[in-house]
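Enquirer: Okay, handing you the structure first.
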Ligand SMILES: Nc1ncnc2c1ncn2[C@@H]1O[C@H](COP(=O)(O)OP(=O)(O)O)[C@@H](O)[C@H]1O
Ligand SMILES: [Mg+2]
C-alpha cells in the first residue's frame, strides 16, 4: 500500500499524444476512478502507472520512489484486466498462487494465503476448478484475488466490470468496494461509466484527449465542474451560454451570477410546470417534446426556443398529463445554477 | 448433432457428404487396399509369373536384421529432424507471433512459406549445390574464414538432416504460430504484472498453452520423415540407405511390389504404435 503520484506525464504514440502533461495524486488507501470517453487515454495512464509503458516525459512515483523506468515485473503492482486474463491452463488456486510462486514463497505459506484470499472473495472450495468451469462473476473474483494476494502497493483495474451484465455489475461494485476497504489498498479504477465511478470512488479524475480535465471528490466535481465537458461527463447537464444569444427563449426570467463562461443546470434541479411559476426563480418557457416514465420519475425533453433541447427529471409524475407539444415552463432555484469557468 | 437430424435432413446431409466420402474412398482407401492386397501376393498380379497368396513378404522383414536396423535408423532420423525443427521453428514462431507486428510479420511469413512453393526436387538439388565440396557454402566460408575450409558435408547424414529440416520446418512454424497467436496478450501482461520474468512465462504459460500446436507440427514432420527417400538418396550418398529408400527400391528398381507394400505397412504400423505409445505422455503435457 502506498501513495502514487504522476507528474507532468506525456506519452506519445507517433504523432498522437495519448497523455499530455498529466499530473495527478492518488492518496494512500484511496479509491480513485479515472473517467473519460473511449480513446481519452485512461488505459494508457494505467499502463504507465503499471509499468507496461515508459512515459516520454514526466515522473511516476510509487511510495515516494521514482519508478518511471522500472519495468512492470519489478513494480509490485496488482492489475485486473477487462477480460480477466486468467491463465486457462492453471487451476483457480494455481492462478491465485502464481504471484507467490514467482516470489518463491514456500508451498505451505502459499496454500495458506491463497485460501485466505479466496475466502475474502467468497470463492472458498473452488480452488481446484479451471477458469473455463467458472461463471463470469466467479472469474472476476479469481482475477481480483490473484491481483491482491501478493500485497501489491497499488491495485490497478481497467474497466473490470464492463463484461458483466447490469445486475451482476452492481453486485460486484458493492463487493469490490467492500474488499478494497477491508484490504485498504490504494486502488485506481478505469471506467467510462460515470455512475460506477460515483458508486465506488472517493476521488475521481476526468480525462479528455489525453489531458486531465478535473480531479477531486465526486461531489465537488459534480457541483463545480471546471468546464462544460466535465459538467456533461459527470452526470447530465443543461448548458446556458454566456452571454445569452438574443434569440434565446423569449420571455425567459433569468438571474445569473456574473463572470462565468457558461452555466449548467442539472436535470434533477428543474421543475416542470404548465404555467409560469410565481416565485422569484429562474424560469424558461419551452415546448414539451417527449416524456418517458421510469418508475418513480419521468424524464422529459423540452425544446427551448433558440437554446436547443433541455433534459428534465420530473419527480412529480402525478402532475396532470401534458400532451407532447404542450407549452411548459422550466424553473430552478438560484443556487442550482452552476457557473462554469471564468469569462 | 447427427442424432438431432430427422430422416429428410439425414438424407440431404448424406447427399451433401457423398462426394467427400467418394473422394476419400478413391483417394485413400482404394490405393491403400490395393497395396494391402499386393502385400499378401507372391508376385505383382500384372507380371507373367503365377500369383499366390503368402505371408512371406511380412516374414521377410524379420528374416534378416537389415530391415529392422534401417527402420531404427529412419526413426532416429525422424527424431533428429523433428527435434531440430522444433528447436529452430518454435522460437521463430514465438518471435513471429509475439514480437513482430504489421508489415514485417507478413514479409517474414512469406519467407517461411516459400519452401512450400518450390518443387521438392529443386529444393533438394539446390542443397546439393550449396553443400557439395567446393560448393556455395564452402566458397562463401572461404571468403570470410582465413585458410582452407573443408566441411565435407555433402553425402553425409548431416546433409540429409539439413535437407529434411529445411523441407519440413514450415510445418512446425505454422502450427506453433497458430497456437501462439491464440494466446491473449493480456495473459502475458497479467503474468508480468505478477512479477514473472520471461522464462517463467514461457515455461508455465506460453509453452503449455501452445503445446498442442507444437505437437501437431511434430507429428506432421515425424511421420513423413521416417518414410522419406528422396533427401537420403540425393544428399546422403553412400550413407543414404534408409528404410524409405529400400521401400522405394522395391517399387522402382527391383519391381518386387509385394515386398515394398509389406514393408510400407510395417512402417505404418510402427509409426502408429509410436504415436499411440507417446499419446498418453502428450495428452498429459496438454493438461
Ligand atoms: N500501443 C498503441 N499504439 C498506438 N496508439 C495507441 C496505443 N495505445 C493507445 N493508443 C491510442 O492512444 C489513445 C488513448 O488510448 P487508450 O488509453 O486506450 O484510451 P481509453 O482507454 O481511454 O479508451 C487512443 O487514441 C489510442 O488509439
Ligand atoms: Mg481503455
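Derivation of every value follows stated rules applied to the coordinates shown; laboratory data play no part. Values in this document were obtained by computation on a predicted structure and should not be read as measured data. A quick note on method: Cβ atoms are made from the backbone with ideal geometry, for glycine too, and the neighbour counts reach across all protein chains shown.
Enquirer: Please compute the contact order of chain A in relative form: average sequence separation of alpha-carbon pairs under 8 Å and at least six residues apart, divided by the residue count, as a percent. Before the final figure, lay out the partial values.
Expert: Details: 713 pairs, mean separation 59.0, N = 343.
RCO, chain A: 17 percent.
Enquirer: Based on alpha-carbon centroids, what's the gap between region A:116-158 and region B:203-242 in Å, whole number please?
Expert: 42
Enquirer: How much length is gained if the chain between residue A:108 and residue A:334 is pulled fully straight, taking 0.36 nm per residue apart and subtracting their Cα-Cα distance, in nm to one decimal? Present the calculation step by step, with values, prior to reporting the outcome.
Expert: Values: separation 226, 0.36 × 226 = 81.36 nm, distance 6.49 nm.
Between residue A:108 and residue A:334, full extension yields an extra 74.9 nm.
Enquirer: Here's another thing I want to ask about it. If neighbour count is taken as other Cβ atoms inside 10 Å, put B:103, A:141 in order from fewest to most. Can you show the working numbers first?
Expert: On the way: B:103 8, A:141 25.
Lowest to highest Cβ neighbour count: B:103, A:141.
Enquirer: Compute for region A:82-200: radius of gyration divided by Kirkwood radius, i.e. Rg/Rh, restricted to C-alpha atoms, rounded to two decimals.
Expert: With Rh from the inverse mean 1/r over Cα pairs, Rg/Rh is 0.95.
Enquirer: Next question, about the same structure. What span do the alpha-carbon atoms of region B:170-235 cover on each of the three principal axes, reported in whole Å from largest to smallest?
Expert: Result for region B:170-235: principal-axis Cα extents of 53, 19, 14 Å.
Enquirer: Right, something else. Need one number for region A:4-229: average projected area of the convex hull over its C-alpha atoms, nm².
Expert: That works out to 12.6 nm², a quarter of the Cα hull's surface.
Enquirer: Calculate how many DSSP beta bridges within chain A are antiparallel, expressed in % of all such bridges and rounded to the nearest 5.
Expert: 75
Enquirer: Here's a follow-up. Set the Förster radius R0 to 30 Å, insert the Cβ-Cβ distance between residue B:37 and residue B:88 as r into 1/(1 + (r/R0)^6), and round the FRET efficiency to 0.05.
Expert: According to the calculation, E is roughly 0.15.
Enquirer: Over the residues of chain B, compute the C-alpha Rg and express it relative to 2.2 N^0.38 Å.
Expert: That works out to 1.25 for chain B.
Enquirer: Estimate the FRET efficiency between residue B:129 and residue A:101 by the formula 1/(1 + (r/R0)^6), using the beta-carbon distance for r and 60 Å for R0, to the nearest 0.05.
Expert: On the way: r = 52 Å, r/R0 = 0.87.
Efficiency, rounded to the nearest 0.05: 0.70.
Enquirer: If the elastic network links every pair of Cα atoms under 10 Å, which of B:147, B:68, B:135 fluctuates the most in the Gaussian network model of chain B?
Expert: B:147
Enquirer: Of the residues A:252, A:147, A:230, which exhibits the maximal mean-square fluctuation in a Gaussian network model of chain A defined by a 10 Å Cα contact cut-off?
Expert: A:252
Enquirer: In deg cm²/dmol and to the nearest 500, what is the mean residue ellipticity at 222 nm of chain B if only DSSP H runs of at least 4 residues count, each as -39500 (n - 2.57), divided by the residue total?
Expert: Mean residue ellipticity at 222 nm (helix-derived): -24000 deg cm²/dmol.
Enquirer: Next up: So if the hydrodynamic radius of the protein assembly as shown is defined as the Kirkwood radius over C-alpha pairs, what does Stokes-Einstein give as its diffusion coefficient at 10 °C and 1.306 mPa s, in µm² per second?
Expert: The calculation lands on 50 µm²/s.
Enquirer: A further question follows. Quick one: Cα centre-to-centre distance for region A:46-61 and region A:168-195, in angstrom?
Expert: Cα centroid to Cα centroid, the span is 23 Å.
Enquirer: In whole angstrom, how long is each semi-axis of the equivalent ellipsoid of region B:189-287, when you take the square root of 5 times every eigenvalue of its Cα gyration tensor and sort them from largest down?
Expert: Working: eigenvalues 345, 53, 12 Å².
Here the semi-axes work out to 42, 16, 8 Å.
Enquirer: Let me check against my output: what whole-number percent is the relative contact order of chain B, with C-alpha pairs under 8 Å and at least 6 apart?
Expert: Values: 300 pairs, mean separation 75.8, N = 287.
Rounded, it is 26 percent for chain B.
Enquirer: Among B:92, A:300, what is the fewest-to-most ranking by other Cβ atoms within 10 Å?
Expert: Details: B:92 17, A:300 23.
The most exposed by this proxy come first: B:92, A:300.
Enquirer: Something else: Taking every pair of alpha-carbon atoms in region B:28-98, give the share separated by more than 20 Å as a whole percent.
Expert: 61
Enquirer: With labels modelled as points extended 7 Å from the Cα through the Cβ direction, what inter-label distance (nm, one decimal) is found for residue B:26 paired with residue A:287?
Expert: With each label placed 7 Å out from Cα toward Cβ, I get 7.5 nm.
Enquirer: By how many nm would the segment from residue B:117 to residue B:198 lengthen if fully extended, with 0.36 nm per residue of separation less the alpha-carbon distance?
Expert: 25.6 nm
Enquirer: Compute the FRET efficiency between residue B:178 and residue A:119 as 1/(1 + (r/R0)^6), taking r as their Cβ-Cβ distance and R0 = 45 Å, and round to the nearest 0.05. The partial results should precede the final answer.
Expert: Numbers: r = 40 Å, r/R0 = 0.89.
The computed FRET efficiency comes out at 0.65.
Enquirer: Which Rg and Dmax, in Å, describe the Cα atoms of region A:244-342?
Expert: Final numbers for Rg and Dmax: 13.3, 41 Å.
Enquirer: Here's another thing I want to ask about it. Return the percentage of antiparallel bridges among DSSP beta bridges fully within the protein assembly as shown, rounded to the nearest 5 %.
Expert: In the protein assembly as shown, approximately 75 percent of DSSP beta bridges are antiparallel ones.
Enquirer: Say each of residue A:82 and residue A:219 gets a label point 7 Å from the Cα, pointing the same way as Cα to Cβ; how far apart are those two points in nm?
Expert: Those two pseudo-labels are separated by 3.3 nm.
Enquirer: In nm, to one decimal, how far is the residue A:326 label point from the residue A:244 one, both placed 7 Å along Cα→Cβ?
Expert: For the pair residue A:326/residue A:244, the computed spacing is 2.4 nm.
Enquirer: Now, a different point. Let me have the 222 nm mean residue ellipticity of chain A computed from DSSP H runs of 4+ only, each contributing -39500 (n - 2.57), with the sum over all residues rounded to the nearest 500.
Expert: The per-residue figure over chain A is -7500 deg cm²/dmol.
Enquirer: Arrange B:72, B:80, B:23 by Cβ neighbour counts within 10 Å, fewest through most, would you?
Expert: B:23, B:72, B:80
Enquirer: In peptide B:180-193, how many Cβ atoms from other protein chains are near each Cβ within 10 Å, on average?
Expert: Mean inter-chain Cβ contacts per residue within 10 Å come to 6.
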